[in-house]
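See structure below.
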2 protein chains.
Amino acid sequence: MFTLYGDKVSGNCLKVKWVADHLGLAYRWVDVDVVAGEAKSPDYLARFPMGQVPALELADGRRLAQSNAMMLYLAAGTTLVPAEPFAHAQMLQWLFWEQYSHEPAIAVRRFQKFYLGKPDEAIDPALMTKGRAALDLMEGHLSGHDWFVGDGLTCADVALVAYTRVAHEGGFDLVEWPAVRGWVGRVEQALAIR
Amino acid sequence: MFTLYGDKVSGNCLKVKWVADHLGLAYRWVDVDVVAGEAKSPDYLARFPMGQVPALELADGRRLAQSNAMMLYLAAGTTLVPAEPFAHAQMLQWLFWEQYSHEPAIAVRRFQKFYLGKPDEAIDPALMTKGRAALDLMEGHLSGHDWFVGDGLTCADVALVAYTRVAHEGGFDLVEWPAVRGWVGRVEQALAIR
């Protein structure tokens, strides 16, 4: 039994929860209210110095942060983490790209627009440009493939779907990216989250 | 024999080169001038749609992007990539943190200050704040540990040292972070890059 610290409005937290649920793992969930600053409280920082959610605590007290590292740890040895070395590397490629080029645009714009209620003109226009470029790249890949790596669901799909499926809350209408929209449906079905 | 596409002013490219050299791997290096826009040329984008360096091409034509994914692929099965599951997860934790919370502050500020020659007042002050926070977090860890994971060099150290060792070019004087400075020396010695 392990403990997941997270906020259910955060796609990064949901990634890890979905993987745990999909694999039927038993865990305790502890809500951490990010908007209220609970991830920056002295108590939380003492345990998780990165000051972010999600975070994971094992029964023996060992702790881990970073959503993608947590997913890979929980899913090791399952089909969600390809064992073949090049497929494994492709999965990692998409996970690093997600955290560098997708989340900082699409999730950040969604947070500002949907949760902070900022009007469009108060949001850095670079977020829309970068977010659209990320969706274009995904569309290119998904026009020729059903999944990001190989022929089934992997952690790459789980990571990328987290904020893509709520991209409209950030002002990105997936009607413009039909292959992405089709893939979101496949991933939601595979994870039983629709 | 594989091919590495990269720009030697980019720490992300050097990470992969250092790992290949450290492991004695044979490869061909192709210079890509990022400042001149060569990573966004139609020819490069056709092969590497993410439009970034470094990138890797295997002898059979398979391609991979994202520096940290490339390092892990090349170093799989060596001591640079811990096999024990939790240590492996800790390494991944630091690699994802590096790409999300360290590189976008320290590498970006260095690029703007050192390569674009921007005066300090023209650089987003958030980059200094975020970069200092990243160095503070590293200092906290390194005050109690010689390496980021376990008791020897791993890909986590290689990734984090790439821009930390040139942080002064971005306006971060490592005199303020003595444990980080000591660790930089250890990693440089282990990689024989000093």
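The values are calculated or read from the model by the stated rules, or taken from the named source; none is laboratory data. Note that the coordinates shown come from a computational prediction; the quantities given were computed from them, not determined experimentally. Counting neighbours? That spans all protein chains shown, and the Cβs are built from the backbone with ideal geometry, glycine included.
Filtering region B:59-72 to residues that are more than 13 Å from the chain's Cα centre (by Cα), surrounded by 15 or more Cβ atoms within 10 Å (Cβ to Cβ) and facing chain A (nearest Cβ under 9 Å) leaves B:Leu64, B:Ala65.
Residue-by-condition table, conditions (1) within 23 Å of B:Leu95 (Cα to Cα); (2) over 17 Å from the mean Cα position of the chain (by Cα); (3) β-branched (Val, Ile, Thr):
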| site | (1), (2), (3) |
| --- | --- |
| B:Gly11 | yes, no, no |
| B:Val16 | yes, no, yes |
| B:Gly37 | no, yes, no |
| B:Ser41 | no, yes, no |
| B:Pro49 | yes, yes, no |
| B:Val53 | yes, no, yes |
| B:Glu57 | yes, yes, no |
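Taking first residues from region A:82-105 that are within 16 Å of A:Gly131 (Cα to Cα) and not assigned by TED's automatic domain parsing to the domain that holds A:Ser67 and partners that are assigned to a helix (DSSP H, G or I) and of a type in the set (Lys, Arg), the Cβ contacts under 9 Å between residues at least 6 apart in sequence or on separate chains come to A:Ser101/A:Lys130; A:His102/A:Lys130; A:Pro104/A:Lys130; A:Ala105/A:Lys130; A:Ala105/A:Arg132. Across region B:75-85, the number of residues qualifying as of a type in the set (A, V, I, L, M, F, W, C) and either crowded, with 24+ Cβ neighbours inside 10 Å or at the interface with chain A (Cβ under 8 Å from one of its Cβ atoms) (or both) comes to 1. From the list B:Gly24, B:Gly51, the one residue that fits, being modelled with pLDDT of 95 or more, loosely packed, with under 14 Cβ neighbours inside 10 Å, at positive phi and not assigned by TED's automatic domain parsing to the domain that holds B:Thr154, is B:Gly24. Quick check on B:Leu174: is it of a type outside the set (Ser, Thr, Tyr), buried (at least 21 other Cβ atoms within 10 Å of the Cβ) and in contact with a helix residue (DSSP H, G or I) (Cβ under 8 Å, 6 or more places away or on another chain)? Taking the combined requirement at face value, the residue does not satisfy it.
For every residue, the table says whether it meets (1) surrounded by 18 or more Cβ atoms within 10 Å (Cβ to Cβ); (2) acidic (Asp, Glu); (3) modelled with pLDDT of 95 or more.
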| residue | (1), (2), (3) |
| --- | --- |
| B:Tyr115 | no, no, no |
| B:Ala126 | no, no, yes |
| B:Asp151 | no, yes, yes |
| B:Arg186 | no, no, yes |
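Total residues in region B:76-89 satisfying the condition of being assigned to a helix (DSSP H, G or I) and within 13 Å of B:Gly152 (Cβ to Cβ): the figure is 1. Summed over region A:1-55, residues that are farther than 18 Å from B:Tyr100 by Cα and part of a loop (DSSP other than H, G, I, E, B) total 14. Please indicate, with yes or no, whether at least one residue in region A:35-56 is more than 26 Å from A:Val9 (Cβ to Cβ) and either more than 8 Å from chain B (Cβ to nearest Cβ) or of a type in the set (Asp, Glu) (or both). Looking for residues that are more than 26 Å from A:Val9 (Cβ to Cβ) and either more than 8 Å from chain B (Cβ to nearest Cβ) or of a type in the set (Asp, Glu) (or both), one finds none in region A:35-56, hence no. Selection within region B:129-144: residues that are among the hydrophobic types (A, V, I, L, M, F, W, C) and either free of Cβ contacts under 8 Å to residues at least 24 places away in the same chain or touching a Ser or Thr at 6+ places or on another chain (Cβ under 9 Å) (or both). The member of this set that is surrounded by the fewest Cβ atoms within 10 Å (Cβ to Cβ) is B:Ala133. Remark: A:Tyr115 matches the filter, which requires a residue to be of a type in the set (Ser, Thr, Tyr) and either in contact with a Pro (Cβ under 6 Å, 6 or more places away or on another chain) or closer than 20 Å to A:Thr164 by Cα (or both). So which residues in region B:86-137 are of a type in the set (Asp, Glu) and within 12 Å of another protein chain (Cβ to nearest Cβ)? Those that are of a type in the set (Asp, Glu) and within 12 Å of another protein chain (Cβ to nearest Cβ): B:Glu98, B:Glu103, B:Asp124, B:Asp136.
The residues of region B:145-164 that are assigned to a loop (DSSP other than H, G, I, E, B) and either in contact with a Leu (Cβ under 8 Å, 6 or more places away or on another chain) or without any contact (Cβ under 8 Å) to a residue 60 or more places away in the chain (or both), listed by number, are B:His145, B:Asp146, B:Trp147, B:Phe148, B:Asp151, B:Leu153, B:Thr154. When A:Gly182, A:Gly171 are checked against the criterion of being outside the structural domain of A:Lys8 (by TED's automatic domain parsing) and closer than 25 Å to B:Ala65 by Cβ, A:Gly182 stands alone in meeting it.
Going through (1) outside any helix (DSSP H, G or I); (2) closer than 27 Å to B:Leu95 by Cβ; (3) of a type in the set (A, V, I, L, M, F, W, C) one by one, A:Ala133 falls short only on (1). The residues listed here are B:Val30, B:Val35; of these, the one that is modelled with pLDDT of 95 or more and either at negative phi or surrounded by fewer than 11 Cβ atoms within 10 Å (Cβ to Cβ) (or both) is B:Val30.
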